Amino acid sequence: MGSLLSVCDIKEEVEYIIDLAGQIKEGKKEQRPLEGKTLAMIFQKSSTRTRVSFDVGMYQLGGRAIFLSSNDLQMGRGEPISDTARVLSRFVDGIMIRAIEHDDVIELAKYSDVPVISGLTNLEHPCQALADMLTIKEHFGSFENKKICFVGDGNNVCNSLLLIAPLLGMDMSVTCPEGYEPKEEIVNQALKYADEKNTEITITDDINVALENVDVVYTDVWVSMGDEAEKAQREIDLMPYQVNRELMDLANDEAVFMHCLPAVRGQEVSAEVIDGPQSVVYDQAENRLHAQKAVLYHYMKD
Ligand code: CP
Ligand code: NVA
């Protein structure tokens, strides 16, 4: 069955998983498909949405989840990731991990006999991207002729959106100051997907160019978990990229505002925008539950 560490891992199944999430949300799938199954959830970083939605999702699917803070695991005292993977595989049916380093998740999956699902690393946030796309599909009805613009720090959330948008046929632009561009390897992969699907990707520091004909304006925090030492400089560099009323007015009239949350009002987004009528951030947060139930169903059902 494999693991979900990157959007690239579900290149072929991405539409199916989003449709499945919609069906699960509407109560159209069987009850308790994961009866008797257990998910181990390893967290090396803080979480509200990911932790609660995976836990509630497993419960609603008939299984259970075990929360494991990496500080409490022997892994936190230096037990190899490979041994952790091999041992957990003897107990549980799936492992969800929020890790500091993406390479550690690759290592965990390499030695695990059960599916590993990433709940965010420094490189990607694939489950967030699935929930975001479910939200866009619900709002607009389809992805056809739709364009998403990510504004601000080209971080893990931006990376996963760059990979998922072309796979679903959406155009995407990223606008950020010099030095805050998404990772080159991700942009190159996204450009390949865009080529295959005949969509467009634009990376620019010019807000006016990026916001042309945009249906979804997306931003995320300027200081991701792990970037705290750069806080002061980031706030200076990224301030011109704040999503405020003026920036929203550059997008289409019917555009929505999205943010994975948690958000810092007055930094990456003004309160007026995130708390205003164009914002769909709480639908997005709710859809983490439905999208992850689809992921759990797909990876853990017999
Ligand atoms: N969006 C998101 O992953 O939120 P948490 O950090 O609260 O899990
Ligand atoms: N980019 C943020 C996302 C949090 C959900 C971070 O990595 O901290």
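Here, each number is a calculation from the coordinates, and none is a lab measurement. Since this is a predicted model, take the numbers as computed values, not measurements. Methodologically, a virtual Cβ is constructed for each residue, glycine included, from the backbone with ideal geometry; neighbour enumeration extends over all protein chains shown.
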### Query
Relative to the first principal axis of the alpha-carbon coordinates of the chain, what is the inclination of helix 14-25, with its axis defined by its Cα atoms, in degrees from 0 to 90 and to the nearest 10?
80
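Tell me whether the range 128-282 comes out rounded, prolate or oblate; compute the Cα gyration tensor, take square roots of the eigenvalues as a ≥ b ≥ c, and use a/c under 1.5 as the rounded threshold.
Numbers: a/c = 1.58, a/b = 1.18, b/c = 1.34.
Judged from the Cα gyration tensor, the range 128-282 comes out oblate (a/c at least 1.5, b/c at or above a/b).
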#### Entry: Nearest-ten-degree value, helix 281-300 long axis tilted from longest Cα axis of the chain
40
### Message
With the alpha-carbon atoms as the only input, what is the per residue convex hull volume for the range 17-56 in Å³?
### Response
94
### Summary
Where a ≥ b ≥ c are root eigenvalues of the Cα gyration tensor, a/c under 1.5 meaning rounded, otherwise prolate if a/b exceeds b/c and oblate otherwise, the range 163-253 counts as oblate
#### Entry: Separation of alpha-carbon centers, the range 258-295 and the range 191-256, rounded to whole Å
15
### Message
I'm a student and want to see the number: the projected area of the Cα convex hull of the chain, averaged over all directions, in nm².
### Response
14.7
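What GluC sites (Glu not before Pro) does the range 78-136 have in DSSP loop regions with at most 15 other beta carbons within 10 Å?
Details: sites: Glu101, Glu107, Glu124; in loops: Glu101, Glu124.
When the GluC sites (Glu not before Pro) of the range 78-136 are filtered for loop state and at most 15 Cβ neighbours within 10 Å, Glu101 remain.
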### Query
How far is helix 81-91 tilted off the main Cα axis of the chain, in degrees rounded to 10, range 0 to 90?
60
### Summary
One finds the C-alpha centres of the range 9-45 and the range 99-162 to be spaced, in Å, by 15
